[in-house]
1. So is Ile252 buried (at least 19 other Cβ atoms within 10 Å of the Cβ), at pLDDT 95 or above and in contact with a strand residue (DSSP E or B) (Cβ under 7 Å, 6 or more places away or on another chain) or not?
2. Among the residues of region 134-150, is any in contact with a Gly (Cβ under 7 Å, 6 or more places away or on another chain), closer than 18 Å to Leu74 by Cα and assigned to a loop (DSSP other than H, G, I, E, B)?
3. Would you say Ala264 is at pLDDT 95 or above, under 21 Å from Ile65 (Cα atoms), hydrophobic (A, V, I, L, M, F, W, C) and in contact with a strand residue (DSSP E or B) (Cβ under 9 Å, 6 or more places away or on another chain)?
4. Considering every residue within region 51-68, establish whether at least one is surrounded by 16 or more Cβ atoms within 10 Å (Cβ to Cβ) and within 24 Å of Asn123 (Cβ to Cβ).
5. Looking at region 14-43 only, could you name the residues that are buried (at least 16 other Cβ atoms within 10 Å of the Cβ), of a type in the set (A, V, I, L, M, F, W, C) and without any contact (Cβ under 8 Å) to a residue 12 or more places away in the chain?
6. For region 1-47, which positions are touching a Phe, Trp or Tyr at 6+ places or on another chain (Cβ under 8 Å) and either under 19 Å from Asp66 (Cβ atoms) or among the polar types (S, T, N, Q) (or both)?
7. Here is a list of conditions, (1) touching a strand residue (DSSP E or B) at 6+ places or on another chain (Cβ under 7 Å); (2) surrounded by fewer than 20 Cβ atoms within 10 Å (Cβ to Cβ); (3) in a helix (DSSP H, G or I), and Ala98 meets all of them except one; can you say which number that is?
Amino acid sequence: MQIGIRAHDVKYAPFDELVPAIKAQGFKCMHIALSKSIKEFTPGISSMTPGLAMHMKRVCQKNDIDIAVLGNYLNLCHPDKDVQSEIVKKYIAHFRFASILGCGVVGTETGACNREYKFEESNHSKEALDVFIENLKPVVEAAEKFGVIMAIEPVYKHIVYNPERARMVLDKINSPNLQIIFDPVNLLYKGNIDRQDDIINEVFDLMVDDIAVIHMKDFEVNGEELKSIPAGQGGLNYKLLLEKIKKNKPYIHCTLENTAPENAIATREFVERLYDGA
């Protein structure tokens, strides 16, 4: 297991300073979304040049930091066809950029049936799943051309909301360049937290060969919702998760989420201690 962090959870600094700061906190990799982590210029298709990718790659290599995931969390089921077309262009730009950057994974979630990218019951319908699969196909084909993995992250509130639907998407697309980012908390809601062990086991039973990256955060119940908090501070069974990782996924990139600069190191140390004892 190689523990990393989301770049936008670290105290902001220009990229050349951000990466050494991540290394100094003891991390091995990072998950970066350009639009959230780079403020010294405006990231976009026009600025995602080979030169920028090579510069970022040199900075990361100098500091022994992998870019585990290049995030592009745009709704692949946007109902406006013109917006959807622009979204696909941005995914293709991210694959091209990642191929030069030396990043193997472009990550995303799994869409919603509305402009706001919010939960509605129709997200869980068969029709929504069919649209998602159809829209995902050309994106994965582009990933194949650039030799990059497209990794989807199942989320309860989105279209791919459980392990069975994730397995269906993998089987329907049937591409070696489509894999999974597994975030256990994202598959939970108030009504199934008592089944979290079953869900973790099911993900590894159904998709062990297809898990590319693990996201690590925790949860607490806040009214009817689950609030995301740093790993080890809530109700997730980290002992089970880390046992599964240690048995099945040596050296996999595991990136912390929902940390803050003041608790990131302690969160990393918690995960490492539990992993060592697994």
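The values are calculated or read from the model by the stated rules, or taken from the named source; none is laboratory data. Source: prediction; values computed, not measured. Note that each Cβ is placed from the backbone with ideal geometry, even for glycine, and that neighbours are counted across all protein chains shown.
1. In short, no.
2. Taking every residue of region 134-150 in turn, at least one turns out to be in contact with a Gly (Cβ under 7 Å, 6 or more places away or on another chain), closer than 18 Å to Leu74 by Cα and assigned to a loop (DSSP other than H, G, I, E, B).
3. yes
4. no
5. Ala21 - this is the single residue of region 14-43 that is buried (at least 16 other Cβ atoms within 10 Å of the Cβ), of a type in the set (A, V, I, L, M, F, W, C) and without any contact (Cβ under 8 Å) to a residue 12 or more places away in the chain.
6. Hits for region 1-47 are Met1, Gln2, Ile3, Gly4, Ile5, Leu18, Ala33, Ser37, Ile38, Ser47.
7. Going through the list (1) touching a strand residue (DSSP E or B) at 6+ places or on another chain (Cβ under 7 Å); (2) surrounded by fewer than 20 Cβ atoms within 10 Å (Cβ to Cβ); (3) in a helix (DSSP H, G or I), Ala98 breaks only (2).
Here is a yes/no grid of residues against (1) in contact (Cβ under 8 Å) with a residue 40 or more places away in the chain; (2) under 15 Å from the mean Cα position of the chain (by Cα):
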position	(1), (2)
Val155	yes, yes
Pro176	no, no
Val208	yes, no
Ala212	yes, yes
His215	yes, yes
Ala231	yes, no
